[in-house]
Amino acid sequence: MKVVALISGGKDSLFSICKCIAYGHQVVALANLGPEDPNVQDADSYMYQTVGHHIVEAYAKALKLPLFRKSTQGKALVTTLGYTSQPSDEVEDLYQLLLQVKQEMPQVEAVCSGAILSDYQRNRVENVCARLRLQSIAYLWRRNQKELLLEMLQSGIDAIVIKVASMGLYPRKHLGKHLVELVPVLMDLESKYGSNICGEGGELESLVLDCPLFYYRLIIDQAEPVTVSEDRFAPIGYLRIKKYHLQEKAPHVNRMDWIKTLVPIKPMPKPTTQRETRPPIQDKTPMDSSRRLEYLCSCKSRWCKTDRISYFLCCGGGNNKKEQELFSREANKEVLVEEITKDILQELEEALKESSLSREDVFYCQLYLDDMSLFARVNEVYASYFGLVEPPSRACIEVTSRKPQPTIMLEAFVCKKHGGEEPRKVVHIQSISEWAPPCIGPYSQACCFPHFVFMSGILPLYPPTVTIPPGLTIEMQTKLCIENVNQTMQVLPCTWKDILFIYAYITRPQDAQQVASLLYDAYGKQQFGLCVLPVRNLPRNGAVELQLICTSTSANSSHPFYKKRIVQGEYSLQDVGSRHMNSSFSLPADDSSTVTWQLCAGGSMILLHATWNPPPSSSSFKQQVTAMVHQWTVQLDKQLDPVGAHVAWTPLVGRLWLPPTALLDCDNLQDMIEDILVKVLSNARSINRTPAFIIPLEQDEKVRMCHLQLILQLDKVSHSRL
C-alpha cells in the first residue's frame with residue numbers, strides 16, 4: 001500500500017516507517033501536527049508529541065519525502081477512551097491534515113503511526129482513518145517494550161532523550177543522552193517502578209538523529225536543558241534545540257533494500273507440503289421434488305426475549321414480494337443481495353424495537369451466506385447499519401442452499417445493560433500490526449460482559465499482511481488461528497483457562513479430527529466444549545475459523561454456578577429413552593445409536609451440545625432428540641444445583657446442524673424441534689417458545705455427523721436453600 005507516515009521526530013514514529021517498508025509498503029509522504037504558537041516548545045496535548053516540533057521539517061529533507069503540516073491548539077474535548085467526532089477537538093485537526101493529504105495525493109491508502117500501548121491514541125487515529133477510508137497501520141502495537149527498544153537500536157535508530165517526566169530521570173542528567181546509553185537505566189527503572197522502557201507512560205520523549213532510511217544525518221549544534229518542574233521525585237524538563245544542521249550520508253546505499261535486511265519482521269508460516277483442496281463445488285442444480293432440501297433454508301425468523309440475553313433469528317432469500325419480484329426480473333445478483341440484507345436488518349430493527357431494545361445492545365452476530373463472493377456487498381449494508389464505532393463481534397460462514405435466489409441468515413445475540421451494572425467492554429482494533437489480525441470488516445474482536453466474553457471468528461491470518469499465507473496445511477492454519485486467539489486474549493478479561501466453548505468451522509470434513517486434536521493439545525482436553533462443523537466456505541478462503549465463548553475473569557464467583565463447569569459423556573439413546581420417557585416411547589430395534597454430549601456452564605451462559613455420528617434415521621429422529629433434551633434437564637439439575645440452591649435458567653435457542661442428505665423425508669423440521677423444546681422444557685423454565693435454527697453442513701462419504709445444541713442463560717440464583 002502507499003502510506004502517509006505520521007511523524008513527530010520520535011523513535012516510534014520513525015521506526016514505524018522502517019517497519020512499513022520492511023513489510024513491502026511504500027511510504028510516499030510525511031504528516032505532522034505542531035502547536036499553533038511556534039514559540040511553544042511543549043504543548044499540553046493528549047495526542048501529539050510537540051517538543052522539538054521545529055525540527056520536523058528537517059526529516060522531510062532527510063527522507064526525501066513531501067511533508068504535510070498543520071497547526072493544532074492541542075485541546076482534547078473528548079477525553080473518554082472511545083472517540084466520536086467533536087468540532088474543535090484536537091483529533092479533528094488530524095482529520096483535516098489527512099484529508100488534505102488524500103486530496104493532494106489520492107493514491108494514499110494507509111496511515112502509519114508509532115502507537116505502542118495507548119488505546120486512547122490508537123482509537124483516535126483509527127477513527128480518523130475510518131472516516132477517510134484509509135487503513136491504519138501500527139506495527140509497533142503491543143510489542144514487548146524491552147524487545148522493541150533493543151530492536152530499534154540494533155536496526156540503526158540513533159535517538160537522544162528530548163524530554164523527561166518520570167521518577168528516576170532528571171533533566172540536567174539525562175536530557176540529550178543517546179538512548180543506547182540509557183538502556184541500563186531504563187531497564188532498572190522498569191524493574192523498580194514499573195516504568196515503560198519505551199516511554200509509553202510519558203516517562204520520556206526522544207528525537208531521532210539518524211536512521212537507516214535517512215539520506216542526511218541530523219547534527220545538534222547547540223541545545224540547552226529547560227526544567228519545567230523541580231519535583232523532588234519526578235522532575236520534568238525538555239531539551240531546547242537552538243541550532244542544528246543536516247549532514248549528507250553515503251549516497252550509494254540502496255536504503256529500501258538495506259531496511260529489509262536490518263529491520264526484523266514477524267516470521268511468516270511456511271508451507272511444508274502443498275495444501276490439499278476439496279473438489280470444486282458444483283453449481284446449484286434443481287433437485288428431484290421427492291428429495292428436496294428446502295427445510296435447510298426455509299427457517300422462519302424467530303426471536304426470544306428475556307430479561308437478560310435475547311436471541312433473534314432473521315432469514316432472507318426470496319421471502320417477500322419485493323425480493324421475489326427482483327429475482328423474477330433477473331435483477332443483478334449483487335442488487336438482490338443488497339436488498340435481502342437490508343430487509344433482514346430492517347426485520348431485526350423492528351424486532352428489537354418491539355422488545356424495547358436497540359442495535360447498540362447487539363453484542364454478537366452470526367452471518368450465514370450461500371455465496372461468499374457476495375461477502376463484500378453484504379458487509380457494506382451491514383456496516384451502514386451497525387456503524388464503525390464498537391460494532392458487535394461476529395463470525396461469517398458459507399452454507400449450502402438449494403434455493404435459486406441468494407440466501408442470507410443472521411443470528412443476533414442481545415444484552416441490555418441494567419442499572420448499576422458495568423458497561424460492556426468492546427475490543428475493536430482496526431490497525432494492522434504484528435500483534436494480532438485487525439478486524440477485516442464491520443465487527444469487533446470481542447464483546448465483554450461481567451460474566452462472559454463473545455469473541456469474533458478468528459481466521460488463520462498472518463497479522464502484518466492480513467492475509468492467509470498460500471499453501472498452508474490444515475495443521476499450520478489451525479496453529480495460526482490458535483496463536484491469533486492467544487494474542488487477542490491479551491486484551492480481554494479472560495485467558496485460555498476461561499474458554500467455555502469453541503466452534504471450529506472447517507471446509508473439509510475429513511480435517512475434523514486433526515483440528516480437534518490440535519485444539520485439545522493447545523488448551524487441554526475436557527477443559528472446554530468443542531464442536532467442529534464442516535461448512536461450504538469461509539472468508540478469505542480459509543480452511544478453518546475459530547469462534548470462542550469464554551467466561552470472564554471478572555465474574556462474581558460467590559456462587560458455584562459462576563465457576564466454569566465442563567461435563568462430558570456418552571449415552572445409549574435406548575437407555576436414555578427408557579429412563580426418561582413414558583411407556584409409549586421407543587426407538588427402532590436396530591437403532592442403538594450412542595450420542596456424545598457436553599454440558600458447558602460458566603458465568604451466565606450454558607451450552608448443551610450433542611453429536612450423532614452418523615445422523616439418526618428419520619424414523620427415530622424425533623424420539624432421539626426428545627430423549628436427549630430430557631437427559632440434559634437431568635444433568636442441569638445434577639450439575640448446576642450441587643448445594644441445593646435454586647438455579648433458574650431460560651433457553652435462548654436450539655441449533656441443529658445437519659448434512660444436506662440427512663432426514664430428507666422430514667417436513668417442517670424447525671417446527672418439530674421447537675415443539676420438542678416446548679414439550680420438554682415448558683414445565684419449569686421455558687416461558688416463550690424457544691426458537692430453533694436448522695443449519696446445513698458439508699459432508700463427504702466417510703464423515704457424516706449431526707449436531708444439536710441448546711444455548712441457555714442464567715436468570716437468577718436464589719440462596720434460600722444454601
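The values are calculated or read from the model by the stated rules, or taken from the named source; none is laboratory data. All of these numbers come straight from a predicted model, not from anything done at the bench. Here the Cβ positions follow ideal geometry from the backbone for every residue, glycine too, while neighbour counts run over all protein chains shown. Side chains included, ligands, DNA and RNA excluded: accessible areas come from the protein's heavy atoms. Shrake-Rupley method; radii C 1.70, N 1.55, O 1.52, S 1.80 Å.
Brief remarks on what is shown
- Net dipole in debye of region 9-113 [+1 Lys, Arg Cβ; -1 Asp, Glu Cβ; about Cα centre; nearest 20]: 460 debye
- Protein heavy-atom accessible surface, 1.4 Å probe, per residue over region 125-255: 46 Å².
- For region 341-384, the solvent-accessible area works out to 40 Å² per residue, with a probe of 1.4 Å and every protein chain left in place.
- Three-way shape call for region 70-155 based on the alpha-carbon gyration tensor, with the a/c threshold at 1.5: oblate
- Each of C448, L518, Y462 was scored by the projection of its Cα onto the charge dipole of region 412-548, and the greatest displacement toward the positive side belongs to C448; charges sit on the C-beta of Lys, Arg, Asp and Glu.
- Dipole check for region 122-162: with +1 at the C-beta of Lys and Arg, -1 at the C-beta of Asp and Glu, and the Cα centre as origin, the magnitude is about 340 Debye.
- With an a/c value of 1.5 or above and a/b not larger than b/c for the gyration tensor axes a ≥ b ≥ c computed over the alpha-carbon atoms, region 381-484 is described as oblate.
- Tensor-based shape of region 435-540 (alpha-carbon gyration tensor, a/c under 1.5 rounded, otherwise prolate or oblate): oblate
- Candidate lysines for bridging to K270, where Cα separation is under 17 Å - those fewer than 8 sequence places away on the same chain excluded: K479
- Of the residues T80, L67, Q100, the one whose Cα sits farthest towards the positive end of the charge dipole of region 54-106 is L67 (charges of +1 on Lys and Arg Cβ, -1 on Asp and Glu Cβ, taken about the Cα centre).
- Cross-link table K11/K266; K192/K564; K192/K242; K417/K679; K417/K525, entries beyond 29 Å C-alpha to C-alpha: K192/K564; K192/K242; K417/K679; K417/K525
- Only one residue of Q154, P171, V185 has its Cα farthest out toward the positive end of the dipole of region 143-201, where Lys and Arg carry +1 and Asp and Glu -1 on Cβ, and that residue is P171.
- With every protein chain in place, region 424-525: carbon and sulfur % of accessible area (1.4 Å): 52 percent
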